[in-house]
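See structure below.
Please treat every number below as a calculation from the coordinates, not as lab data. These numbers were taken from a predicted model, which means no experiment stands behind them. As a convention, Cβ positions derive from the backbone with ideal geometry for all residues, glycine included, and neighbour counts pool all protein chains shown.
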Amino acid sequence: MAGPVRGLYVGRFQPFHRGHLELVRGLVGASPEQELILAIGSAEQSFTWANPFTGGERFEMIDRALREAKLARVTIVPVPDISRHALWVRYLEGLLPPFEKVYTHNPLTRLLFERARYPVESPPLFDRSQHEGSQIRERLSRGEDVRSLVPPAVARYLEEIRASERLRALRPDVSPSPAAGPAQP
């Protein structure tokens, strides 16, 4: 009898939303033998428009959401970038517990892992038109309600850390007025 199969799913999770949760639920729920590593990519990035949340905050969002959903067999690991694509898979192999397959929708991630001879799958996305990180960050920056887009535990945590205020402050000006002068740091 073969042992558990451990898969790897890398994402920035900025923020962890219902689409992510449903993907995880589908992967670990598909087989009692399935284990999953959730690698929080770009873990060192924070307080920017594209990456507003720290690696620790993203860990906390994911952990709270998985506990609330009663999803086990998932290991969360923050992974800093190395900015060397040719070395990235080997870097992850040294940093993470062993894994046998990779789940991704990112073409570069697929290419790199396929070159390293890993099986790569792209599981179905959950309502991608609504559950997409940049759209959720945009809505948060405008103070809109995102509770239908993120797990309840994540919604509560985003309120705790005042995510809307942070995103409003980080929001890039779409068309700054020339009379306003240069932006201040």
Inter-label distance for residue 145 and residue 67, nm, one decimal - labels placed 7 Å from Cα along Cα-to-Cβ = 2.7 nm
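Out of the GluC sites (Glu not before Pro) in the range 1-45, which ones are loop residues according to DSSP with at most 16 other C-beta atoms within 10 Å?
Counting only loop positions with at most 16 other Cβ atoms within 10 Å, the GluC sites (Glu not before Pro) in the range 1-45 are 33, 44.
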GluC sites (Glu not before Pro) restricted to DSSP loop in the range 89-127 with at most 14 other C-beta within 10 Å = 100
Could you give the angle, 0 to 90 degrees to the nearest 10, between helix 55-68's Cα long axis and the longest principal axis of the Cα atoms of the chain?
-> 60 degrees
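What is the calculated FRET efficiency for residue 44 to residue 138, with r their C-beta to C-beta distance and R₀ = 22 Å, to the nearest 0.05?
Values: r = 23 Å, r/R0 = 1.06.
It comes out at approximately 0.40.
Multiply the residue separation of residue 85 and residue 100 by 0.36 nm, subtract the distance between their alpha-carbon atoms, and state the gained length in nm to one decimal.
Length difference between fully extended and current span is 3.4 nm.
Taking trypsin sites (Lys or Arg not before Pro) that fall in a DSSP loop and have at most 15 other Cβ atoms within 10 Å as cut points, what is the longest piece of the chain between them? Write out the running numbers ahead of the final one.
Details: sites that count: 70, 84, 117, 128, 142, 147, 162.
Longest site-free region, per DSSP loop and neighbour criteria: 1-69.
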